[in-house]
1. If I go through the stretch 88-99 residue by residue, how many of them are part of a loop (DSSP other than H, G, I, E, B), surrounded by fewer than 14 Cβ atoms within 10 Å (Cβ to Cβ) and either aliphatic (A, V, I, L, M) or touching a Cys at 6+ places or on another chain (Cβ under 7 Å) (or both)?
2. The conditions are (1) assigned to a helix (DSSP H, G or I); (2) surrounded by fewer than 16 Cβ atoms within 10 Å (Cβ to Cβ); (3) not aromatic (Phe, Trp, Tyr), and Val81 fails exactly one of them. Which is it?
3. Go through (1) at pLDDT below 95; (2) outside any loop (DSSP other than H, G, I, E, B); (3) not hydroxyl-bearing (Ser, Thr, Tyr) and name the single condition Lys122 misses.
4. Could you look through the stretch 17-47, keep only residues that are over 22 Å from Trp7 (Cα atoms) and part of a loop (DSSP other than H, G, I, E, B), and pick out the one that is modelled with the lowest pLDDT?
5. If Lys61 satisfies every condition in (1) assigned to a helix (DSSP H, G or I); (2) touching a strand residue (DSSP E or B) at 6+ places or on another chain (Cβ under 7 Å); (3) closer than 18 Å to Gln136 by Cα but one, which is the exception?
6. Answer yes or no: is there a residue in the stretch 102-119 that is assigned to a loop (DSSP other than H, G, I, E, B), more than 17 Å from Leu25 (Cα to Cα) and of a type in the set (Gly, Ala, Ser).
7. State whether one or more residues within the stretch 142-155 are surrounded by 17 or more Cβ atoms within 10 Å (Cβ to Cβ), of a type in the set (A, V, I, L, M, F, W, C), in a loop (DSSP other than H, G, I, E, B) and at negative phi.
8. For the stretch 100-125, give me each residue that is of a type in the set (S, T, N, Q), touching a Gly at 6+ places or on another chain (Cβ under 8 Å) and surrounded by fewer than 20 Cβ atoms within 10 Å (Cβ to Cβ).
Amino acid sequence: MTVKDGWRGRFFEDFSVGDVYEHPLGRTITTADNIWFTLLTQNTAPIHFDHHYASKTEFKKPLVNSCLTLSVVTGQSVTDVSQNVMANLAWDEVRLPNPVFEGDTVYSRSEVLETRESRSRKNVGMVTVRTIGVNQDGTEVITFKRTAMIYRRGQGPTAGPSRKG
């Protein structure tokens with residue numbers, strides 16, 4: 001039997017400006033997701049968890065909490081962008097051009113905008129990406145820039161049991 005390592009993510013050296021990553025997983029947002037996230041984060045806006053209230057708004061149904069949308073789309077990008085992250089540094093220019101509703105499925109992609117070596121840490125580099133989230137119809141629902149410190153190959157911790165010996 002041959003044992004092969006699974007995907008371990010990109011390291012700083014693997015990023016090139018202009019690369020686009022189509023993130024592989026979509027996520028359908030359920031009513032439970034929206035209500036739990038909204039209440040967990042103490043967001044008291046009833047448009048997220050009170051279906052009767054939401055039915056009286058121009059949308060006629062609950063809106064998905066925008067911080068949940070940000071979290072899901074960021075999470076979708078991890079496998080391609082920040083699997084080997086030391087630290088997230090910033091989310092900038094977050095835009096929500098269209099609402100997400102319960103039952104929508106969100107997909108995303110990221111483009112590498114900038115890479116640079118860290119001036120203070122030799123084991124990491126900075127990577128900035130623009131990430132776009134779309135719904136099942138291809139309608140853009142979120143965009144943002146994110147900057148993270150990404151480990152250089154062989155410079156970060158390893159997860160899981162030792163593969164040696």
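The values are calculated or read from the model by the stated rules, or taken from the named source; none is laboratory data. Because the structure is a prediction, the values reported are computed rather than measured. Using ideal geometry, Cβ is built from the backbone for each residue, glycine included, and neighbour counts are taken over all protein chains shown.
1. Selection size over the stretch 88-99: 0.
2. (2)
3. (2)
4. That would be Thr44.
5. Only one criterion in (1) assigned to a helix (DSSP H, G or I); (2) touching a strand residue (DSSP E or B) at 6+ places or on another chain (Cβ under 7 Å); (3) closer than 18 Å to Gln136 by Cα is unmet by Lys61, namely (1).
6. yes
7. No, the conditions are met nowhere in the stretch 142-155.
8. Answer for the stretch 100-125, where residues must be of a type in the set (S, T, N, Q), touching a Gly at 6+ places or on another chain (Cβ under 8 Å) and surrounded by fewer than 20 Cβ atoms within 10 Å (Cβ to Cβ): Thr105, Thr115, Ser118, Asn123.
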